[in-house]
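Q: One structure is given below, represented as structure tokens, and several questions about it will come after.
Rule-based calculations on the coordinates, nothing more; no lab input. All values reported here derive from a predicted model rather than from experimental measurement. In this analysis, Cβ positions are derived from the backbone assuming ideal geometry, glycine residues included, and neighbour counts consider all displayed protein chains.
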Amino acid sequence: MKDLPEFVASGIDARLFPVLAETSKEKRVASIFLAVMTQIPALAQDVLGAVGVRVGKRTQVRAFTEVVLKGDSASRPDGLIVVDTGRTHWSALVEAKVGRNDLDDEQVQRYVELARANGIDAVITISNQFVARAEHSPAKVPKTMLRKVSLFHWSWPWLATSCEILGYRGDVRDSEQAYLLEQLNHFLAHPATGVERFTQMAPAWRDVSMAATRGEALKKTSPEVEEVVASWLAEERDLCLHLSSHVGRDVSVRIERKLADDPAARLKDRITSLTETCILTSCFRVPDCASDIDVSADMARRTVAVTMSVKAPTDRKSTKARVNWLLRMLPEDDERLRISALWPGRASATTLGISRLREEPEALKSENAAVVPHGFEVSLVATLGTRFSGRKTFIEDLEAIVPTFYDLVGVNLKAWQAPPPKPVKSRCDPNPGEVEAEDLEPGGALPRPDTSDV
């Protein structure tokens, strides 16, 4: 066993094959993940990078379990991570939960106090609870306790997706490391580990969605409304992970800058939006996509819409030509696909189904025949009916609709780019073979042809 940090009374290296009681599922899963992370630098770079820790070529990453810190034998965190760059040292306590076990606020607060007392930099919690960013902890800890200790959170689904994407990218070229990563992916994907995706909305989902369908007003102060919005934000993160797995790249959630560092303010903002519109919205950014992907769930209409926007090509002069430019990028006709033309000024957008536009592209027009659209929106609108109010069926349909839209539209849509300007000939430059003034004979006569070689 490697030498323990000076603040650790006892502990063992994180083991790939931990020998623990059947009741210690959390410690077993945490030990296996931490053990693999220390052996695959690319994995350590990805997951530790999420908490602001840089892992270089010479960085040593160590992990321990069954940790007992000096001065407190009663508290036993599930793990300890130590990162040594040679110049700097960084450490974090790890507390893990699996299955439907949520983090305990008092326990997390106790570990924060323990970290501060021992000069440990951070506490990292791991559970199936979803967050938008690692800095957004599901545990409620007073900010005054976090002045000297950072608090981060990794969700198990996020860790599992990060491992999948790492395999897709092919960044792990060492055969032994690649084998470990492959086995870790199989392990985390098995339901027996307790790693769970977000599978159903909050218990209040049915009542709140039905109330919106009936046209009843939703109140900002309603605990049920807050519960529904919180579950939507959790599903937003899970859907982001689904998209990441689907495309093999890191997909991110677009969050307004003023709300990015304040989960409570974002929850409040989303509650206000829902009570005013009866619509839940999210925005995803897929690398190299033509535009962001907007997803909305309309409670009043019981529909889910997925949308992308592109600018119209300015080198096409007519509306028909611009519509045909768009249609050529969309090879399949799904009856749920709709195209909206965005017009200059205050003119309302006009929308038609893609099948109709295939037959009659000029049908998409404005009241003012002289104007042409400056942009288009391509949407897939699915009516869920009674499945919308089902806690599980809503999630099932949503997580099928968004990848389908990406396959039909996202992967095919290309942003228009103006062609490079053509060169302009200078009036002062003669054309090839043109006679210039200095070539003329005395008196202005044309030069005689050169016959010296004849």
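Q: Return the sequence-ordered ³J(HN,Hα) values of region 246-251 in whole Hz as given by the Karplus equation 6.51 cos²θ - 1.76 cosθ + 1.60 applied to θ = phi - 60°, using x for Gly and Pro.
A: The phi angles translate into 5, 9, x, 9, 6, 9 Hz.
Q: Right, here's the next one. Starting from the Cα gyration tensor of region 99-235, take the square roots of the eigenvalues, sort them a ≥ b ≥ c, and report rounded, prolate or oblate (rounded when a/c is under 1.5, otherwise prolate if a/b is larger than b/c, else oblate).
A: In terms of gyration-tensor shape, oblate.
Q: What percent antiparallel are the DSSP beta bridges of region 56-194, to the nearest 5?
A: Antiparallel bridges make up about 50 percent of those DSSP assigns within region 56-194.
Q: When the C-alpha atoms of region 205-410 are aligned to their principal axes, what extent does each axis show, in angstrom, from largest down?
A: 53, 39, 34
Q: Oh, and also: Please turn the phi angles of region 183-195 into ³J(HN,Hα) values with the Karplus equation 6.51 cos²θ - 1.76 cosθ + 1.60 (θ = phi - 60°), one per residue in order, whole Hz, x for glycine and proline.
A: These are the phi-based 3J(HN,Hα) values: 5, 5, 4, 4, 5, 5, 7, 7, x, 5, 6, x, 7 Hz.
Q: Taking neighbour counts of Cβ atoms within 10 Å as a proxy for exposure, in what order, fewest first, do I293, I271, I126 appear?
A: Final ranking by Cβ density, sparse to dense: I271, I293, I126.
Q: With Rg and the Kirkwood Rh both taken from Cα atoms, where does Rg over Rh land for the chain?
A: That ratio is 1.16, to two decimals.
Q: With the Cα gyration tensor of region 364-422 giving a ≥ b ≥ c as the square roots of its eigenvalues, does the rule (a/c under 1.5 for rounded; else a/b larger than b/c for prolate; else oblate) give rounded, prolate or oblate?
A: Oblate is the answer for region 364-422, as a/c is 1.5 or above yet b/c matches or exceeds a/b.
Q: A follow-up question, please. Which value, in debye to the nearest 20, describes the size of the charge dipole of the chain about its Cα centre when Lys and Arg Cβ atoms bear +1, Asp and Glu Cβ atoms bear -1, and nothing else is charged?
A: Here the size comes out at about 1080 debye.
Q: With both bridge residues required to lie in region 237-376, what share of the DSSP beta bridges run antiparallel, to the nearest 5%?
A: 100
Q: Let me ask you something else. Please report the antiparallel percentage of the DSSP beta bridges confined to the chain, to the nearest 5.
A: If we restrict to bridges inside the chain, about 80 percent are antiparallel.
Q: Going by average Cβ density within 10 Å per residue, which order do the peptides 319-328, 153-162, 182-191 take, highest to lowest?
A: Ranking the peptides 319-328, 153-162, 182-191 by packing returns 153-162, 319-328, 182-191.
Q: Quick check: Cα centre of region 11-27 to Cα centre of region 131-165, how many Å?
A: Taking the Cα centre of region 131-165 as reference, the centre of region 11-27 is 22 Å away.
Q: Rounded if a/c is under 1.5, else prolate if a/b is larger than b/c, else oblate: which is region 251-297, with a ≥ b ≥ c the root eigenvalues of its Cα gyration tensor?
A: Oblate shape, in that a/c is at least 1.5 and b/c is the bigger or equal ratio.
Q: If you count, for each residue, the other Cβ atoms within 10 Å and average over each peptide, how do 372-383, 249-260 line up from highest to lowest?
A: By packing density, highest mean first, the sequence is 372-383, 249-260.
Q: Using only the Cα atoms, work out Rg/Rh for region 107-165, with Rh taken as the Kirkwood radius, to two decimals.
A: 1.02
Q: Going by C-beta contacts inside 10 Å, put T314, T277 in order with the fewest on the left.
A: T314, T277
Q: Could you pull out the pairs from K219/K392; K268/K414; K268/K365 whose alpha carbons sit more than 30 Å apart here?
A: Flagged as over cut-off: K268/K414; K268/K365.
Q: Translational diffusion coefficient of region 8-193 at 4 °C, 1.567 mPa s, Stokes-Einstein with Kirkwood Rh over Cα pairs, in µm²/s as a whole number.
A: My calculation gives 78 µm²/s for D.
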